[in-house]
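**Q** Below is the structure I would like to discuss, written out as structure tokens.
Only the coordinates and a few stated rules stand behind these numbers; no lab work does. Everything numeric here is computed off the predicted structure, so don't read it as measured data. Ideal geometry is used to build each Cβ from the backbone, glycine not excepted, and the neighbour counts take in all protein chains shown.
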Amino acid sequence: MKIAIIGAGAIGGYVGAKLALAGEEVTFIVRGENLRAIREHGMRLQFADGSEQVARDVRATDDYGAAGPQDLVILATKAHQVAAVAGELPRLFGPDTAVVTMQNGIPFWYFHKTGGPLEGSPVRSVDSDGELARRIPPERVIGCVVYPASELVAPGVVRHIEGDRFPLGELDGGSSERVQRISECFTRAGFKAPVLDDIRSEIWLKLWGNLTFNPISGLTQATLVDICQYSLSRGLAADMMREAQDVAAKLGISFRVTLDKRIAGAEKVGRHKTSMLQDIEAGRAPEIDALVGSVAELARMTDTPTPHIDTVYALVKLLARNMEVERGRVSMQPA
């Protein structure tokens, strides 16, 4: 398949390199040092066992027009970065181009093809003016949930930490020829990419932890095990998760694991810093609205009280604003 990867960060670099190594025709749409590194050396993957693979037979460009129409576009930026590239994406579209969205949180297309009373409603937290839905027609979209953990350790170099699962799903729950073809493509590359008949439930399952542990960690500088083993923060996480569960239930979503099991799973990860904490420590804009603000918005749409989520959302948004104003970062320093 002819595949364009938007962004060559931790996930985009990992996915694109594996697809290229499996023989797919991969083009990375990137800028700056990443662009130069990939052009000169290819995309390098490092693994936990110390081994490496280099995908040399890849293209890299910052010109969407030069890349031309693709069979598949993999949108691998963070949710708050999608708007910056949405205007260029149509230059990659041919008549049958599919777009796999790999953002965490509630996606801009959430209420498209749901068939319920909220059918077609925008999610303003992630698509404030509806521009994303206009530029990336939901008819092209295949939903995806990202479970692997990896990190960009240098331009053109990604270290894979763990995981290989990328569940996929049509927005209407169908099993189309195109989603099956994409699943097979991912499987050839060594991923687990089952086709689900309810991709939204899988989105909520991952979001259930992200919307709680990410902002709590960002506000407190705590790792997952710290949050889970301190009674007050564990209680706050549970309260936020119960509120999210209430919102999801009104949208017809059920969770296949219990709340206690989900918290226990986070605790087992150990002294891991969430992506939001890593962004705050590095002075990068944290991913807040797709993970937390969107759930607060859906709560209003379904008349569901979410006092704990609303409070944490307000606090982490204020932190992000102060970081932006002061052009600063926040990290724990030895006394």
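**Q** Would you please give the residues with an amide H less than 5 Å from that of Ala60, counting only those at least 5 places away or on a separate chain, with H modeled from the backbone geometry?
**A** Under 5 Å from the amide H of Ala60 lie the amide H atoms of Phe28, each far enough along the sequence or on another chain.
**Q** On to the next question. Under 5 Å between amide hydrogens, which residues at least 5 positions from Leu171 or on another chain qualify, with H placed 1.01 Å from N in the peptide plane?
**A** Result for Leu171 returns Gly143.
**Q** Identify the trypsin sites (Lys or Arg not before Pro) of region 33-87 meeting these criteria: DSSP loop state and at most 15 other C-beta atoms within 10 Å of the C-beta. Present the calculation step by step, with values, prior to reporting the outcome.
**A** Working: sites: Arg36, Arg39, Arg44, Arg56, Arg59, Lys78; in loops: Arg56, Lys78.
Within region 33-87, the qualifying trypsin sites (Lys or Arg not before Pro) (loop, at most 15 other Cβ atoms within 10 Å) are Arg56.
**Q** Relative contact order, percent, of the chain when contacts are C-alpha pairs under 8 Å separated by at least 6 residues?
**A** With pairs under 8 Å counted, the relative contact order is 16 percent.
**Q** Separate question: Go through Leu19, Val179, Val145 and say which Cα lies farthest out towards the positive end of the charge dipole of region 2-197; charges sit on Cβ, +1 for Lys and Arg, -1 for Asp and Glu.
**A** So the residue we want is Leu19.
**Q** While we're here: Output wanted: per-residue J couplings in Hz (rounded whole) for region 134-150, from phi through Karplus 6.51 cos²θ - 1.76 cosθ + 1.60, θ = phi - 60°, x for Gly and Pro.
**A** Taking θ as phi minus 60°, the curve returns 6, 7, 10, x, x, 4, 8, 7, 10, x, 8, 10, 9, 9, x, 10, 8 Hz for region 134-150.
**Q** With θ set to phi - 60° and the Karplus curve 6.51 cos²θ - 1.76 cosθ + 1.60, what are the ³J(HN,Hα) couplings of region 37-49 in order, to the nearest whole Hz, using x for Gly and Pro?
**A** For region 37-49, the Karplus curve yields 5, 5, 4, 7, 10, x, 9, 9, 10, 10, 10, 4, 7 Hz.
**Q** Taking the structure as given and computing Kirkwood radius over Cα pairs in Å, which label from [x] 29.8; [y] 20.4; [z] 19.8 fits?
**A** [y]
**Q** Tell me, what is the percent relative contact order of region 79-147, built from C-alpha pairs under 8 Å that lie six or more residues apart?
**A** That works out to 43 percent.
**Q** Right, next: Place +1 on the Cβ of every Lys and Arg and -1 on the Cβ of every Asp and Glu in the chain, take the dipole about the Cα centre, and give the residue among Ile263, Met332, Val316 whose Cα lies farthest towards its positive end.
**A** Met332
**Q** May I ask for the net charge around Leu205, where only other residues with Cβ less than 13 Å from the Cβ of Leu205 are counted and Lys, Arg are +1 while Asp, Glu are -1?
**A** Values: positive: Arg165, Arg200, Lys206, Arg256, Lys261, Arg262; negative: Asp198, Glu202.
Taking every other residue near Leu205 into account, the sum is +4.
**Q** Expressed in nm to one decimal, what extension gain is obtained for the pair Leu232 and Ser175 from 0.36 nm per residue of sequence separation less their Cα-Cα distance?
**A** Net length gain for the segment: 16.1 nm.
**Q** Once both labels are modelled 7 Å past Cα along the beta-carbon direction, what's the Arg31-Leu118 spacing in nm?
**A** If labels sit at Arg31 and Leu118, their model points lie 3.3 nm apart.
**Q** OK, next. First check a/c for region 200-326, with a ≥ b ≥ c the square roots of the eigenvalues of its C-alpha gyration tensor; if it is under 1.5, answer rounded, and if not, answer prolate when a/b is larger than b/c or oblate otherwise.
**A** oblate
**Q** Here is a follow-up. Just how many pairs of Lys in the chain have C-alpha atoms closer than 24 Å, counting pairs that are eight or more places apart or on different chains?
**A** Here the count comes out as 24.
**Q** Hey, got the dipole for region 200-326? About the Cα centre, +1 on K and R Cβ, -1 on D and E Cβ, debye to the nearest 20? Don't skip to the answer; put the middle values down first.
**A** Details: 15 positive and 16 negative charges, 87 e Å.
Dipole of region 200-326, to the nearest 20 debye: 420 debye.
**Q** Turning to a different aspect of this structure: Quote the charge dipole size of region 38-124 about the Cα centre in Debye, to the nearest 20; the model charges only the Cβ of Lys and Arg (+1) and of Asp and Glu (-1).
**A** Charge dipole of region 38-124: 240 debye, to the nearest 20.
**Q** Among rounded, prolate and oblate, which fits region 3-153 when a ≥ b ≥ c are the square roots of the eigenvalues of its C-alpha gyration tensor, a/c under 1.5 means rounded, and a/b larger than b/c means prolate?
**A** Details: a/c = 2.11, a/b = 1.68, b/c = 1.26.
Prolate is the answer for region 3-153, as a/c is 1.5 or above and a/b outweighs b/c.
**Q** What is the dipole size for the chain, taken about its Cα centre, with +1 at each Lys and Arg Cβ and -1 at each Asp and Glu Cβ, in debye to the nearest 20? Don't skip to the end; give the middle numbers.
**A** Details: 38 positive and 42 negative charges, 93 e Å.
About 440 debye.
**Q** Right, here's the next one. What does the charge count near Ala84 come to, summing +1 for each Lys or Arg and -1 for each Asp or Glu among other residues with Cβ under 12 Å from its Cβ?
**A** Taking every other residue near Ala84 into account, the sum is +1.
**Q** Below 8 Å between Cα atoms, with a sequence gap of 6+, how large is the relative contact order for region 200-326 in percent?
**A** Contact order relative to length: 36 percent.
**Q** Under a 5 Å amide H to amide H cut-off, with H placed in plane at 1.01 Å, what residues pair with Lys192 once short-range neighbours are removed?
**A** Counting only residues 5 or more places away or on other chains, the set is Arg165, Phe166.
**Q** Could you calculate the FRET efficiency of Ala66 with Lys268 from 1/(1 + (r/R0)^6), where r is the beta carbon distance between them and R0 is 41 Å, rounded to 0.05?
**A** Efficiency for this residue pair is about 0.35.
**Q** Evaluate the distance, in nm, between pseudo-label points positioned 7 Å from the Cα of Asn322 and of Asp198 along their respective Cα→Cβ axes.
**A** Distance between the two pseudo-spin positions: 4.1 nm.
**Q** Please list, in order along region 217-226, the HN-Hα scalar couplings obtained from phi with the Karplus expression 6.51 cos²θ - 1.76 cosθ + 1.60 (θ = phi - 60°), rounded to whole Hz, x for Gly and Pro.
**A** Using θ = phi - 60°, the values come out as 5, x, 7, 10, 6, 9, 7, 4, 5, 4 Hz.
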